1. For the condition of a type in the set (Gly, Ala, Ser), within 27 Å of Ala242 (Cβ to Cβ) and outside the structural domain of Glu266 (by TED's automatic domain parsing), what is the one hit in Ser139, Ser98?
2. Test Gln204 against the criterion of being out of contact with any helix residue (DSSP H, G or I) (no Cβ under 6 Å at 6 or more places or on another chain), touching a residue at least 24 places away in the same chain (Cβ under 8 Å), part of a helix (DSSP H, G or I) and over 16 Å from Lys3 (Cβ atoms), and give yes or no.
3. From the residues in the range 138-160 that are part of a loop (DSSP other than H, G, I, E, B) and charged (D, E, K, R), which one is farthest from Glu185 (Cα to Cα)?
4. Looking at the range 114-137 only, could you name the residues that are without any contact (Cβ under 8 Å) to a residue 12 or more places away in the chain and out of contact with any helix residue (DSSP H, G or I) (no Cβ under 9 Å at 6 or more places or on another chain)?
5. Do you know which of the residues in the range 251-278 that are under 18 Å from Gln113 (Cβ atoms) and surrounded by fewer than 15 Cβ atoms within 10 Å (Cβ to Cβ) is nearest to the chain's Cα centre (by Cα)?
6. Considering only residues of the range 207-233 that are of a type in the set (A, V, I, L, M), closer than 25 Å to Asn308 by Cβ and not in a helix (DSSP H, G or I), which is farthest from the chain's Cα centre (by Cα)?
7. Can you give me the ranges of the strands (runs of 3 or more DSSP E) entirely in the range 2-88 with at least 3 residues that are loosely packed, with under 11 Cβ neighbours inside 10 Å?
8. Restricting to the range 196-218, give me the number of residues that are among the charged types (D, E, K, R), surrounded by 11 or more Cβ atoms within 10 Å (Cβ to Cβ) and over 27 Å from Lys337 (Cα atoms).
Amino acid sequence: MKKIAKDRLSLLWPRIALNYQLFLPIAEEKVVNFSRWEEGAEVDLATLKTANSPKDIIFPQTETYLNFKQEGKRLELEMAGGRKDYLVFGVSPCDVASINLLDKVFLDEPVDQFYQEGRQKGVIIARACLNPAETCFCSSFKINPALAPAGADIATWDLGDSLLWEAQSEKGKELTADFDDLLEEVSREEQERLEQVKTGIADQLKDLPLVNLDPDLIEGGLNEIFASEIWEHLYRRCLGCAMCTYVCPTCHCYDLKDYDGNKCGERFRCWDSCMFSDFTMMAHGNPRTTQKERVRQRFMHKLVYYPNNYQAYACVGCGRCTEKCPVSLDMVKVIKKLGGERNEL
């Protein structure tokens with residue numbers, strides 16, 4: 001294990017940016033989000049979590065597949081691609097876990113080659129959460145905020161004047177070697193402090209209001225949950241704004257569109273949402289014609305369909321939906337309703 005003094009981070013950023021597109025939690029107008037680092041940017045590694053997850057770096061909101069151009073009767077096609085190497089520094093454990101969930105979707109057969117290229121070009125550096133928020137419930141999904149889940153190339157912990165640094169993959173080891181002149185060895189006292197920090201985080205988790213939320217207590221099988229009366233009551237609050245799907249780090253639905261510029265154009269994909277009335281529009285119409293069906297689809301996917309396929313819930317308990325939904329129709333409320341009295345907190 002290594003460490004880097006915080007006053008040397010200003011030397012680290014430009015070194016990384018020489019070979020990677022560097023993304024960091026950056027404060028702009030009092031909002032912290034992952035943004036491309038530039039000299040003079042206000043880096044914020046203290047804020048618990050960014051307003052949005054780094055999902056749009058891994059899985060861009062819009063991504064061009066194909067460019068086409070017409071010259072007379074000749075049509076020229078050119079495949080897009082060629083992402084540059086990038087590094088995301090300061091990813092929280094829940095967001096690292098969400099990337100692993102996206103991997104299950106896009107890297108399972110048939111492999112999504114654009115996503116695969118993006119993952120191969122990327123380096124993920126995680127940071128432990130020192131003070132989980134009241135809206136956090138990552139422990140409900142077996143995520144430890146004091147540790148970086150498998151999937152992070154390097155894990156870091158804030159010890160005040162320095163960041164402890166531990167490589168977790170071959171990429172992480174290579175990067176650590178590249179910056180060895182900025183890193184120092186960790187003393188035994190600092191390792192003991194790290195254990196105290198981890199213990200302190202575990203103690204904080206016990207006091208969070210959502211600590212007893214447990215998706216494993218959801219009652220009934222697929223058909224029973226699908227037919228449950230709770231959807232009739234829950235959906236009436238939904239505005240169909242899709243805020244929940246866009247801030248969610250695990251939502252991955254997209255649409256394919258063509259832009260026609262007369263003699264040239266492109267085919268691209270862009271994020272979509274199951275909360276929209278035209279989602280999965282087909283020749284005969286939308287198979288989910290009511291907001292009730294759309295609300296049910298979103299939560300059934302997270303809590304039933306995805307687990308049936310991948311043996312994991314499609315939620316990481318980041319709490320963004322509980323913070324952003326304007327009508328408080330969020331994952332916590334649905335898990336509590338589906339779990340009956342056993343999930344009443």
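The values are calculated or read from the model by the stated rules, or taken from the named source; none is laboratory data. Worth saying up front: this structure is predicted, and the values here are computed from it rather than measured. Reconstructed Cβ throughout: ideal geometry from the backbone, glycine too, with neighbour counts over all protein chains shown.
1. Ser98
2. Considered against the rule, which asks whether it is out of contact with any helix residue (DSSP H, G or I) (no Cβ under 6 Å at 6 or more places or on another chain), touching a residue at least 24 places away in the same chain (Cβ under 8 Å), part of a helix (DSSP H, G or I) and over 16 Å from Lys3 (Cβ atoms), Gln204 comes out as yes.
3. Lys142
4. Gln120
5. Of everything passing the filter in the range 251-278, Cys270 is nearest to the chain's Cα centre (by Cα).
6. By that ranking, first place goes to Ala227.
7. 74-79
8. Adding up the residues that qualify gives 1.
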